[in-house]
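Report on the structure given below.
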Amino acid sequence: MPDGPRYDDDFYASTQYQAEVLRSMRTRDNRFDREHVAEEIEAVGRSERDAVRSQVRRILEHFLKLAHSPAQDRRSGWIESILDARSILVDKVSSTLRQDIEASLPRLYRDARRKTEVSLGGQGEDQTVAGLPAACPYSVDEILAEDWYPDPPGEVK
């Protein structure tokens, strides 16, 4: 794309591209602090990326709880949290950020798994914690799907 990613189509990619363009500009007026403005634009993009990653970790954590915890009284709260995270992601995920999710999914899953271990371990579910998968069993499509949830323990669709 000669003009780079469009702001409305891919906000994150646009921020990174515009920062690069700004840095490459030559200016006769040295009062303009090009480097700091470029850093701020990049920071806004990273903040958007970090917000997406945070919601993905949140969804993964609750997927693990839904799939492995026998607790029934907390299930609706986990589903509500997933719904909330997905509603945030719908407005933020662009093609570039989807690629970032795919690339960082193993690390995001490890983080979510550790948080799940602490949470369920604190509820006395040590046996559940021991059965959590080491690698991410969920795809990006499942994470972003509007109505997909993992099967509860002992159930298969």
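The values are calculated or read from the model by the stated rules, or taken from the named source; none is laboratory data. In this text the structure is predicted, and so the values were computed from the model without any measurement. Cβ placement follows ideal geometry from the backbone for every residue including glycine, while neighbour counts extend to all protein chains displayed.
When residues of region 76-87 are filtered for being within 18 Å of Ala145 (Cβ to Cβ) and either touching a residue at least 12 places away in the same chain (Cβ under 8 Å) or small (Gly, Ala, Ser) (or both), how many remain? Walk me through how you get there before you give the answer.
Step one: of region 76-87, the residues within 18 Å of Ala145 (Cβ to Cβ) are 78-87.
With the extra rule that they be either touching a residue at least 12 places away in the same chain (Cβ under 8 Å) or small (Gly, Ala, Ser) (or both), the set shrinks to 78-79, 81-82, 85-87.
Selection size over region 76-87: 7.
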Search result, residues across region 110-156 that are under 13 Å from the mean Cα position of the chain (by Cα) and surrounded by fewer than 12 Cβ atoms within 10 Å (Cβ to Cβ) = Asp141
Can you name every residue in region 60-111 that is at pLDDT 95 or above, among the aliphatic types (A, V, I, L, M) and over 30 Å from Pro5 (Cα atoms)?
-> Leu64, Leu66, Ala67, Ile79
Test: residue in region 69-84 that is of a type in the set (Gly, Ala, Ser), under 17 Å from the mean Cα position of the chain (by Cα), within 25 Å of Cys136 (Cβ to Cβ) and not in a loop (DSSP other than H, G, I, E, B) = yes
Give me a count of the residues in region 60-109 that are surrounded by 15 or more Cβ atoms within 10 Å (Cβ to Cβ) and touching a Cys at 6+ places or on another chain (Cβ under 9 Å).
-> 4
Options Ile101, Ile79, Ile41, Ile88; residue that is of a type in the set (A, V, I, L, M) and in contact with a His (Cβ under 8 Å, 6 or more places away or on another chain) | Ile79
Inspect region 45-60 for any residue being within 14 Å of the chain's Cα centre (by Cα) and of a type in the set (Asp, Glu) and give the result as yes or no.
-> yes
